[in-house]
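Note sheet for the following structure.
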Amino acid sequence: MKDNISSTTPHNFPCFGTSNYVKLRGLNFHYLSWGDINKPLIIMLHGFMDHSHTFDLLAFNLMNDYQIIAWDARGFGRTEWIHPSGYYHFFDYLYDLELFIDYLNAENVTIIGHSMGGIIATLYAGTFPEKVNNLVNIEGWFINESSFNDAPTRAKRWIEEVKNIKDSKSIKDLEDASLRLRRVDNLMSIDVSEHLAYEGTKKEFDNLYWRYDNLHRTRAPQQTYIKQIESFWKNITCPVLFLKGEKSNFDLSGSQQLSNSFNNMKYVEVKESGHNLHLHQPIQVSKIIDTFLSSNEN
């Protein structure tokens, strides 16, 4: 199902993506699409607490040469929230992505994922290596190793957090939402923060709220362990591009060493950028990605 409209904010931020919906596992999933359907397909997966419009600038710079599709993961953006009796277990994203790719009838795809989306993309490429031609991971890294002895504490903490989950607090206005985004990311421009605030909020009964489900703020009961993740990494057969922001405050300690787990990986640090490097340096990042993809063409 398509809305067939170009999405623009009141200040005419360049998006040019078409808004679409598809039902997967009982939820209405929203996604944006750009470019020619006859061009090579790129699927983009956003980060935690983000949404598909975080890829507007990157897609704008790549859409002439590729067909681009960016989803809103379950409970984010314009995609539906889960039933109150459910939870956002991480491997649900992986299952959703498999069904989404089936729906697109896509083969030999390129996946670009940022942060949480990079983790999802990497797990998917390790689960279905035959379906992924290229993987671009933008600061999406499992690096927090926990002890098995922590499992009871994690389970208890998860139950307590879910039991005590609060409804989302309203936001004063779009200016306030934009300011909050820049407080978290001081490298984000005002134009970008205003755009993401507009696309990432919704009006309900004259109040403004973030679009994401507040249940995402609770911490999962099951830790994912490094050795477990390494088994996915080692199963990836496609070329991998890992992008890091020069000024990122995201803990990527050991990422270069752990890259030895991949069969074919390129590591690039992007100057004058932080964790959201595709928002800070979209032209530079798009050129790096295009060069990487072009070099892998048969």
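The values are calculated or read from the model by the stated rules, or taken from the named source; none is laboratory data. Bear in mind the structure is a predicted one, so any value in this text is a computation, not a measurement. For neighbour counting, all protein chains shown are included, and Cβ atoms are generated from backbone atoms with ideal geometry for every residue, glycine included.
Within region 173-207, the set of residues being modelled with pLDDT under 95 and of a type in the set (Lys, Arg) comprises just one member, 203.
Are any of the residues in region 198-212 part of a loop (DSSP other than H, G, I, E, B) and surrounded by fewer than 17 Cβ atoms within 10 Å (Cβ to Cβ)? Please lay out each step first, then the result.
As a first pass, look at region 198-212 and keep what is part of a loop (DSSP other than H, G, I, E, B): 200, 205-206, 211-212.
Remaining after also requiring surrounded by fewer than 17 Cβ atoms within 10 Å (Cβ to Cβ): 205-206.
Checked region 198-212: at least one residue is part of a loop (DSSP other than H, G, I, E, B) and surrounded by fewer than 17 Cβ atoms within 10 Å (Cβ to Cβ).
Only one entry in 59, 70 is surrounded by 18 or more Cβ atoms within 10 Å (Cβ to Cβ), of a type in the set (Gly, Ala, Ser) and in contact with a helix residue (DSSP H, G or I) (Cβ under 6 Å, 6 or more places away or on another chain), namely 70.
One residue stands out in region 273-297 among those that are more than 23 Å from residue 197 (Cβ to Cβ) and not polar (S, T, N, Q): the one that is modelled with the lowest pLDDT, namely 297. Pairs linking a residue in region 247-270 that is under 26 Å from residue 133 (Cα atoms) and among the aromatic types (Phe, Trp, Tyr) to a residue that is exposed (fewer than 14 other Cβ atoms within 10 Å of the Cβ) and at pLDDT below 90, with Cβ atoms under 7 Å and 6 or more positions apart or on different chains, are 267/256. For region 56-112, residues that are part of a loop (DSSP other than H, G, I, E, B) and under 13 Å from the mean Cα position of the chain (by Cα) total 6. For region 239-263, taking the residues that are in a loop (DSSP other than H, G, I, E, B) and at pLDDT below 90, the one that is surrounded by the most Cβ atoms within 10 Å (Cβ to Cβ) is identified as 262. Evaluated against (1) part of a helix (DSSP H, G or I); (2) surrounded by 15 or more Cβ atoms within 10 Å (Cβ to Cβ); (3) not polar (S, T, N, Q), residue 221 falls short on exactly one condition, (1). When residues in region 92-124 are screened for being closer than 8 Å to residue 137 by Cα and free of Cβ contacts under 8 Å to residues at least 60 places away in the same chain, 1 of them pass.
Restricting 149, 186, 164, 134 to those that are of a type in the set (S, T, N, Q), under 24 Å from the mean Cα position of the chain (by Cα) and loosely packed, with under 12 Cβ neighbours inside 10 Å reduces the list to 186. For the residues 101, 112, the requirement of being within 26 Å of residue 295 (Cα to Cα) and surrounded by 24 or more Cβ atoms within 10 Å (Cβ to Cβ) singles out 112. Name the residues in region 224-234 that are more than 28 Å from residue 75 (Cα to Cα) and buried (at least 16 other Cβ atoms within 10 Å of the Cβ), would you? Within region 224-234, none qualify.
Of everything in region 145-176 that is in contact with a helix residue (DSSP H, G or I) (Cβ under 8 Å, 6 or more places away or on another chain) and in a loop (DSSP other than H, G, I, E, B), the residue that is farthest from residue 192 (Cα to Cα) is 146.
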